[in-house]
Amino acid sequence: MYLPVKVDPSSPCGHALHSMFLSLGDNSTWAIRMVDSWGKSNDGIFFGNRLIIGTYDECVGVVSPDHSLKGKYCSIDLKKTTTIKEQETSRVWHTDAQVPNRLQNLFPLRKPPQIFVPVPVVNSGAGSELMYATCIPDVCTLEELEESLTQVLEPANYTATVKFCSVKDPELNSVVSVLMFVMLVASLVDIYIDYTNKQHLTKGGLQFLMPFSAYTNLGKIFHISTNSSPTTINCLHGMRVLSMTWVMYGHQYASNASQSANFFVLNKRINGFLFQAISNAFVSVDTFFFMSGLLVTYSTMREMKRTGKFNIILFYVHRIIRLSPPIALVGGMYATVVSYFVSGPYSLSYNFRDECQKNWWADTFFVSNIVDKICLVQTWYVSVDSQLYLVAPLLLLPLFFYKALGKVLLYLAALVSILVPAIIIYIHNLPPTSLQVA
């Protein structure tokens, strides 16, 4: 289960495995650390703990004494391919006939082991799955590991899919170090300018450095203004905080449920009636649409009342300038350097480099929800909101210049927004909302 023992012994991977086995026989620390980092049968598997992820940092930190071999961390999905009874356990691999002599001195085991992995099953049938990790020599490829696992596990009716393999990435430290250095320099310069009152220095080239200053940015982040303003609707701040908390709380459960160490218990706890309000956080998104529409209407009506006209070019240009550049910047970062900031068993969940290199334009121009080509998943909301913004003048202008007609159109739009979802639910026989059930 843990090493590509079926590779050609004369291949670089075969030679590396031979060196590893010899080192295990000599109780060499580097080889023992590789084995120690493997994800082994874990506690609480029947409690829902299906993630045997090992120790990533220990694996990728392994280096042989001659620096010819390093540790490579590989994450593997293991799936039963035949029907088994509920909560059944299976012996999925017996030590290969050619391997026992090499593993007799495996520390801390004293004889060739039978690797025993109980597989949790929610319902009888195929498809039960767990994830485990191994540490192999870096010269061995993902394909060699997967081919070897296929030969070893297929007779036991298991399939193994190697999700990814990773070695220690020196570029990660380089990128982070450069950014931290820039932030430190900017903060020190900012503090110097503030205490010496030499504000003229910020007019030159330093103006491009100041945005990286933690000294100023932290002050802005934690600044709270209690002053009332006629252009501010203060009650919306509370609605925004409650809605954002609701969104984060719901996503936290949704994203961690499948990765929890007590999945079966968690499933029972989130099945209660009251928890449906947390898992069905769609209303919290509706509040953001409400606030966005309210503020657009409020600011546009106020401006038309002041000037008596509607500048449609400025209306759309303002939206594009305010949102497109930051979205493009974030998409560009994900397409280039963000992958260097993450490592470990769940790094694939944060690596959108390929998607962002191909689909950055869909987010930047607010069409990701239509073309279904997404770089930044969360920007679906911005796309929908921008499309509503695009047609907003069709309601705002009649409301301002022809109030009776505007109210009729507003009521019709509200009625349509109720009827369309209801019709879709009826035609497709959908439940009224999403229910969390075990």
request  = Distance between Cα centroids, the stretch 129-154 to the stretch 172-248: provide it in whole Å.
outcome  = 47 Å
message = Using a 1.4 Å probe on the protein heavy atoms only, what accessible surface does residue 352 show? Give it in Å² to the nearest 10.
response = 60 Å²
task = Sum up the charges of everything whose Cβ sits under 10 Å from the Cβ of residue 138, counting Lys and Arg as +1 and Asp and Glu as -1, but leave residue 138 out.
result = +3
note = Rounded to one decimal in Å, the inverse mean reciprocal Cα-Cα distance for the stretch 371-416, i.e. its Kirkwood radius, is 12.2 Å
remark   = Per residue, the convex hull enclosing the Cα atoms of the stretch 1-82 spans a volume in Å³ of 119 Å³
message = Within 15 Å, Cβ to Cβ, of residue 417, how many net charges do the neighbouring residues add up to if Lys/Arg are +1 and Asp/Glu are -1?
response = -2
ask   = Counting only protein chains, not ligands or nucleic acids, how are 307, 202 ordered by accessible area (probe 1.4 Å), most first?
value = 307, 202
query = Rounded to the nearest 10 Å², what accessible area does residue 360 show when all protein chains are kept and the probe is 1.4 Å?
reply = 120 Å²
message = Rounded to the nearest 10 Å², what accessible area does residue 248 have for a 1.4 Å probe in the complete protein model?
response = 110 Å²
message = Using just the Cα positions, wrap the stretch 341-438 in a convex hull and report its mean projected area in square nanometres, one decimal place.
response = 10.4 nm²
request  = Give me the Kirkwood hydrodynamic radius of the stretch 1-46, using the inverse of the mean 1/r over all pairs of distinct Cα atoms, in Å to one decimal.
outcome  = 12.0 Å
note = In nm, the gap between the two label points placed 7 Å beyond Cα toward Cβ at residue 318 and residue 336 is 3.1 nm
inquiry  = Give me the one-decimal nm value for the distance between modelled label points at residue 348 and residue 225, 7 Å along each residue's Cα-to-Cβ direction.
reply    = 4.7 nm
request  = Take the Cα atoms of the stretch 199-323, build their convex hull, and give its volume per residue in Å³.
outcome  = 221 Å³
note = Diffusion coefficient in µm²/s returned for the stretch 305-393 by Stokes-Einstein, Kirkwood Rh over C-alpha pairs, 20 °C and 1.002 mPa s, is 149 µm²/s
query = Among 397, 320, 290, whose Cα lies farthest out toward the positive end of the dipole of the stretch 264-408, if unit charges sit on the beta carbon of Lys, Arg (+1) and Asp, Glu (-1)?
reply = 397
message = Just to make sure I understand: if all protein chains stay in place, what is the order of 269, 353, 322 by accessible area at 1.4 Å, largest first?
response = 269, 322, 353
Extension gain (nm, one decimal) between residue 283 and residue 416, 0.36 nm per residue minus Cα-Cα = 46.1 nm
request  = Among the listed pairs 163/358; 40/268; 163/373; 309/403; 79/168, give every one whose C-alpha distance is greater than 20 Å.
outcome  = 163/358; 40/268; 163/373; 79/168
task = Rounded to the nearest 0.05, what FRET efficiency do residue 264 and residue 311 give with R0 = 45 Å and r taken as the Cβ-Cβ distance? Could you check?
result = 0.15
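The values are calculated or read from the model by the stated rules, or taken from the named source; none is laboratory data. Just so it is clear, the structure is predicted and the values come from calculations on it, not from any experiment. A quick note on method: Cβ atoms are made from the backbone with ideal geometry, for glycine too, and the neighbour counts reach across all protein chains shown. Heavy atoms of the whole protein, side chains included, go into the accessibility calculation; ligands, DNA and RNA do not. Shrake-Rupley method; radii C 1.70, N 1.55, O 1.52, S 1.80 Å.
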